[in-house]
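Structure first, commentary second.
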Amino acid sequence: MIVLEVLIFTIVFLVIKYFWNNRRFYYLASKIPTSVFDYSIRGIYNIFTADSKMMFKLINQSFNNKSDIAKTWFFHVLFIVPNNPDDVKTIFNAKQCYDKPNFVKFSSKLEKGSVFGDLDYWQSHRKIMSPFFGHQGLKTLIPLFNEKSRILVKKLENMVDKEAFNIFHNLTALTLETILNVMEYDVDIQNREPKSRDVFIKYLDEYTKIAFMRMFKFWLHPNIIFKISSLYKKQCHSMSKCGMVFTNDIIKNIRTNTKTNEDEKPKSFMRALLNPKYNLTDDEIKDEVRSVILGGQDTSAIASSMTLLMLANNKDVQQKVVDELHQIFGKTQETPNIELENLNELVYLEMVINEVMRLYPVVPFVVRHVDEELILGENYRIPAKAAVIVPIIRIHKNKKYWGDDAEEFNPERFSKENFSKIHPYAFLPFAKGSRMCIGYRYAMMLMKIQLSLFLMRYEVDTDLKLDELEFTVQVMMTVCQGYMIKIRDRKC
């Protein structure tokens, strides 16, 4: 009995001590409006039993707040959700918000790289890689983008006038093959047989996502904990082993075929990472390779797939894109060689891509950690140790900034005249600030080239209706039904 009383007293004492030591944290949190998140027993039950599709819906609903700023509790973690672009600007540019939250750092101990690495790690690696993702560095990749996009167009010839197919598989093969070539690793993915190609992509794709899913299963999708079977663990181990061998092969290939001089200007970011003067460990280089594969493969493949699906549902817009292409390259089915100056001329195509990414952002939200107190909104003081979720998908559809038709597809929003009136932080497909996506120029250039060559050759159609689409989020937001399209030869 005495032991039980001591135990209860100790627990109560520790709880009181915890809240006393963190009294300012909870006081500041109490001043912030509560979100529409369902905290009832039923709401918590729904979170724990939801699949990834339902989880996305629940999270999206919790972002739909009328106030410019709101809070959501998930156990002891405080999430701040800003809906005002001015607050988003503050968050993305404030030094106390450069870092990732602790639950993300848990994942970063398993897989680092520039995506999840802590602040010091990210800053040092960003300096090494940034020159190769700038204007001059990407200019040298345009011939590669043309070459890989032509292979895509050629491989799709056997799908003309056939049943619907998921274009995402083809575009993923293109983007993965391209990014591996950028890493100076020559591999032929697009010309493989579909089954062989898809298995190859699946293993690498799943491998890069394992760390993300480790994080999600503990804080975003708890019921996965109860669903993991020995078969799943074995599969993850197999994929990890395959991916590790592949990553090692990329690094070994460059080390074997190039002699890196510390004083020599590197020709690629991979050679820069391997330069002895940066003193990076093998694990750091491998983490960077996996981060680049994930960022360079799925993001542009998803955005391009969604763009084709939208064009298939909006034939008038598809025709305007084709008219622009014909104006620049002439009326022909031949795949032109797209140069840098041509990319600047593809104004309407870029408007379409931007509007697709506004309505269907590949990354629907980003998370930051608050290291020191931060003032947002109407003098709301955000406590240190809180996590900030920037709900990109909600800000992109906020009628206050995009008009009453914010839910509708209208590329004209991104005309030079119209877009100049939009708050610069109301459009965030690649985030913004110092920690924005390093590969955003890479993605836009590749998307413009692959979509241009595709649309010069093929008309695209679909049986899918936009209002019937369902989405899921694991690492990125994807269509549950797949990006099912039909193609036929374009008549000039």
Residue list for segment 297-349, restricted to those being within 23 Å of V479 (Cα to Cα) and either aliphatic (A, V, I, L, M) or in contact with a Lys or Arg (Cβ under 7 Å, 6 or more places away or on another chain) (or both)
A301, I302, A303, M306, L308, L309, M310, L311, A312, V317, L349
Count of segment 160-195 residues which are loosely packed, with under 15 Cβ neighbours inside 10 Å and either assigned to a helix (DSSP H, G or I) or among the charged types (D, E, K, R) (or both):
8
With the condition being not hydrophobic (A, V, I, L, M, F, W, C), I'd like the strands (runs of 3 or more DSSP E) fully within segment 350-469 carrying at least 2 qualifying residues.
366-369, 380-382, 458-461
Given the conditions (1) at pLDDT 90 or above; (2) within 18 Å of M445 (Cα to Cα); (3) surrounded by fewer than 23 Cβ atoms within 10 Å (Cβ to Cβ); (4) more than 24 Å from the chain's Cα centre (by Cα), which single one is not true for D316?
(2)
Quick check on segment 27-49: of everything there that is touching a strand residue (DSSP E or B) at 6+ places or on another chain (Cβ under 7 Å), farther than 13 Å from F74 by Cα and not hydrophobic (A, V, I, L, M, F, W, C), which residue is modelled with the highest pLDDT?
K31
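The values are calculated or read from the model by the stated rules, or taken from the named source; none is laboratory data. A quick note: this is a predicted structure, and the numbers were derived from the prediction, not measured. Quick reminder, even Gly has a Cβ in these numbers, built from the backbone with ideal geometry, and neighbours come from all protein chains shown.
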